[in-house]
């Protein structure tokens with residue numbers, strides 16, 4: 001009777017270990033799939049345009065051509081967010097001499113503004 005109990009106990013431990021090993025093998029396969037998906041996502045992310053930043057006084061505004069010039073000329077698109085003191089404004093509200101921050105992406109031969117914040121007029125513009 002004692003031998004039968006020992007044999008049964010060893011059998012249960014062996015089967016339990018085998019089941020645990022089989023269970024552990026399944027997440028490893030899922031992790032490989034996840035890693036591949038992450039690699040694909042990383043590849044897609046690298047093709048996204050990098051947002052850059054410019055800061056300075058406005059030297060020209062052309063509401064007809066939808067452009068704003070600080071040090072470079074930036075194209076204002078319909079999706080560009082323009083704000084002053086936390087409130088939405090239009091390109092026509094931006095004046096030469098205003099100090100602005102421009103976040104933009106390079107798009108072939110032009111700089112597309114994604115966000116413009118007007119922080120105030122320069123001292124020369126206030127005169």
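When region 52-79 is filtered for residues that are over 16 Å from residue 110 (Cα atoms) and touching a helix residue (DSSP H, G or I) at 6+ places or on another chain (Cβ under 7 Å), only 63 remains. The residues of region 52-74 that are surrounded by 12 or more Cβ atoms within 10 Å (Cβ to Cβ) and within 21 Å of the chain's Cα centre (by Cα), listed by number, are 52, 54, 55, 74.
Read the figures in this text as sums done on the coordinates, not as results from a lab. Predicted model only: the values in this text are computed from it and were never measured. Using ideal geometry, Cβ is built from the backbone for each residue, glycine included, and neighbour counts are taken over all protein chains shown.
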